[in-house]
């Protein structure tokens, strides 16, 4: 059912460079418009004849669909939306028709659309309030699977849609509210997941014929269990787990006997396993210290397949063609957005098909990313990603920002960010912390912030500031904090609960009232609600006292340093009222607060016009209130 297609969304990453002084470099300062002339390209599904790749790109200003000719790299735009972003799914087998997804203004109510050969579009899942998710093809590619909340807004049911009639049929009605993870190639089994906490879940194998349900997870070994798919013969299920261990490892489960075997294990999380269309190749992805490490194995020989590396490259996604002759790679570096590469298994040829970095930007004036570590208040080692401005020195001290990722449970990773490079290019050091509770560093580290948010994890951020102050090229009195989503919460928590630590705070769509946010979880998150409450606390119980105590809104009177808030009006996760109220509360203190609202964005900004407006406003705010520049 699955192709090898997985992408890892990256958050702000950073770089460590030697503290030794070097002669000043004449670094050109670039505008926000120049940084956002970069192209963001994702995906790369092979056309039926394997001569083209279907990708999603924001070259037009918002995300649209493009085709790339494998022979010469020529790109052709095939959707021309100016309002809603379109995201590629796949070609319809044997045709030039295309499936894609889109929502309305970032509301996350995704629908699946058919792009016809005459360039008209048809909404295949037109129920206005139903969220829909593509779930793969059957083996013969005569229909595709999708999950939808059209029957009950809380739960995803599983359907299949015939590509000849475009009529759908219900396969599984989800009355228990579990997550539907996989379906077997023979359509005999599906895998269901029950979230217990954000670090623990259960997996079940449901026989669709006799309705017998078997628990795959081991009750005596609680942990994280994630299904990766079935073998084509229907005999095996593959899953990753950290049960009994710190890191995720890959396991095969024989359905007939229940026998389990460890397939692959290392000292980092195995984050994914997938097979090529006819199972010639097996791909394993490893989250190695904030960067992807991929291994490809020949299933017949179990030997690892070597393929060329890209200098400083991080393989963010890949897909092997149905013929298993070719591979598409999405490769990013610290100094460039992800590019599409084409690899021929037979000739060993690797060629780059795209160049996403704006040619006006000199890569030598951008900064590479590298991992650093520092001790927190209790001696715990905190991993972080660090960017140092090229001209920072003991004689030329620079201001700095502690950057906090989303979540809870996200991870700052090594990779490219136009916004981060923009800040660094304009003289700001950026330390992207992986505070306790971050993923990728073992389950013990991941669970350290459970029902302890805004306390020890906040102190990890404060000690990130102290780490920056230990560097002789950082202006110790000019350090701020910035973050989005959960990172936005941490920003406001820092400003309210540690008001003397950070000179400014920049909050992008962050939670400020946990009582409201946890009560207003989108209905399509119903299956995750229990797990989120287990980690954060249940607002309908005595936990509400602690949630009140850690919510910055109710302690905004302590905020005394300048704050900037950015928000999308259509955000279903952090409602605009959250930002409205914290802005009003800070103003009551006669503290400077700047507020930017985008009426056509949701939880995160995807339109270049809005990114340019928002991020340039952030730099202006920092220049005035952190760096101290006067225009």
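The values are calculated or read from the model by the stated rules, or taken from the named source; none is laboratory data. Note that this is a predicted model, so its numbers are computed, not measured. Because the Cβ atoms are built from the backbone with ideal geometry, glycine has one as well, and the counts that use them run over all protein chains shown.
Checked against (1) in a helix (DSSP H, G or I); (2) in contact with a strand residue (DSSP E or B) (Cβ under 8 Å, 6 or more places away or on another chain); (3) surrounded by 17 or more Cβ atoms within 10 Å (Cβ to Cβ); (4) without any contact (Cβ under 8 Å) to a residue 40 or more places away in the chain, residue 579 meets all criteria but (4). Scanning region 181-194 for any residue that is at pLDDT 95 or above, within 30 Å of residue 246 (Cα to Cα) and either part of a loop (DSSP other than H, G, I, E, B) or in contact with a helix residue (DSSP H, G or I) (Cβ under 7 Å, 6 or more places away or on another chain) (or both) turns up at least one such residue. Of all residues in region 329-344, none satisfies being assigned to a loop (DSSP other than H, G, I, E, B) and modelled with pLDDT of 95 or more. Here residue 154 fulfils each of the conditions (1) in contact with a helix residue (DSSP H, G or I) (Cβ under 8 Å, 6 or more places away or on another chain); (2) under 28 Å from residue 277 (Cα atoms) apart from (2). Just one of (1) touching a strand residue (DSSP E or B) at 6+ places or on another chain (Cβ under 9 Å); (2) within 22 Å of residue 228 (Cα to Cα); (3) surrounded by fewer than 19 Cβ atoms within 10 Å (Cβ to Cβ) fails for residue 140. It is (1). For region 111-129, residues that are under 20 Å from residue 603 (Cβ atoms) and crowded, with 19+ Cβ neighbours inside 10 Å total 1. Does residue 406 satisfy being closer than 30 Å to residue 531 by Cβ, in contact with a strand residue (DSSP E or B) (Cβ under 6 Å, 6 or more places away or on another chain) and not in a strand (DSSP E or B)? Criteria met by residue 406. Just one of the listed residues (258, 244, 290) is at positive phi and surrounded by 18 or more Cβ atoms within 10 Å (Cβ to Cβ), namely 290. Identify the residue in region 94-109 that is over 21 Å from residue 610 (Cα atoms) and surrounded by fewer than 18 Cβ atoms within 10 Å (Cβ to Cβ) and, among all such residues, is nearest to the chain's Cα centre (by Cα). Filtering region 94-109 for residues that are over 21 Å from residue 610 (Cα atoms) and surrounded by fewer than 18 Cβ atoms within 10 Å (Cβ to Cβ), the one nearest to the chain's Cα centre (by Cα) comes out as 97. If you go through region 349-374, how many residues are farther than 24 Å from residue 310 by Cβ and in contact with a helix residue (DSSP H, G or I) (Cβ under 7 Å, 6 or more places away or on another chain)? Of the residues in region 349-374, 1 are farther than 24 Å from residue 310 by Cβ and in contact with a helix residue (DSSP H, G or I) (Cβ under 7 Å, 6 or more places away or on another chain).
Looking only at region 52-88, residues that are closer than 20 Å to residue 323 by Cβ, touching a strand residue (DSSP E or B) at 6+ places or on another chain (Cβ under 7 Å) and in a loop (DSSP other than H, G, I, E, B) come to 1 in all. Residues of region 587-600 that are under 21 Å from residue 615 (Cβ atoms) and not in a strand (DSSP E or B): 592, 599, 600. Residues that are closer than 26 Å to residue 478 by Cβ and in a helix (DSSP H, G or I) were ranked within region 424-455; the one that is farthest from the chain's Cα centre (by Cα) is 425. Of the set (1) at pLDDT 95 or above; (2) surrounded by fewer than 23 Cβ atoms within 10 Å (Cβ to Cβ); (3) within 26 Å of the chain's Cα centre (by Cα), all apply to residue 553 but (3). Out of (1) at pLDDT 95 or above; (2) surrounded by fewer than 16 Cβ atoms within 10 Å (Cβ to Cβ); (3) assigned to a strand (DSSP E or B), the odd one out for residue 360 is which? Result: residue 360 passes all but (3).
Summed over region 45-93, residues that are touching a helix residue (DSSP H, G or I) at 6+ places or on another chain (Cβ under 8 Å) and buried (at least 17 other Cβ atoms within 10 Å of the Cβ) total 2. Checking each residue in region 478-501 for being assigned to a loop (DSSP other than H, G, I, E, B) and surrounded by fewer than 23 Cβ atoms within 10 Å (Cβ to Cβ) picks out 498, 499, 500, 501. The set of residues in region 1-44 being modelled with pLDDT of 65 or more, surrounded by fewer than 20 Cβ atoms within 10 Å (Cβ to Cβ) and under 25 Å from residue 181 (Cβ atoms) consists of 42 alone. Taking the criterion of being in a strand (DSSP E or B) and touching a residue at least 40 places away in the same chain (Cβ under 8 Å), the residues of region 305-328 that qualify are 314, 316, 317, 318, 319, 320, 326, 328. With respect to the conditions (1) more than 28 Å from residue 427 (Cβ to Cβ); (2) in contact (Cβ under 8 Å) with a residue 12 or more places away in the chain, residue 587 lacks only one, and its number is (2). The lone criterion from (1) under 27 Å from residue 414 (Cα atoms); (2) within 26 Å of the chain's Cα centre (by Cα) left unmet by residue 251 is number (1).
Annotation: residue 381 fulfils all but one of (1) crowded, with 16+ Cβ neighbours inside 10 Å; (2) under 30 Å from residue 476 (Cα atoms); (3) out of contact with any helix residue (DSSP H, G or I) (no Cβ under 8 Å at 6 or more places or on another chain); (4) at pLDDT 95 or above; the unmet one is (1). Considering region 153-164, the residues that are farther than 16 Å from residue 126 by Cβ and surrounded by fewer than 17 Cβ atoms within 10 Å (Cβ to Cβ) include one that is nearest to the chain's Cα centre (by Cα), namely 154. State whether the residues of region 289-312 include one that is in contact with a strand residue (DSSP E or B) (Cβ under 9 Å, 6 or more places away or on another chain) and more than 30 Å from residue 70 (Cα to Cα). The answer is yes, given that some residue of region 289-312 is in contact with a strand residue (DSSP E or B) (Cβ under 9 Å, 6 or more places away or on another chain) and more than 30 Å from residue 70 (Cα to Cα).
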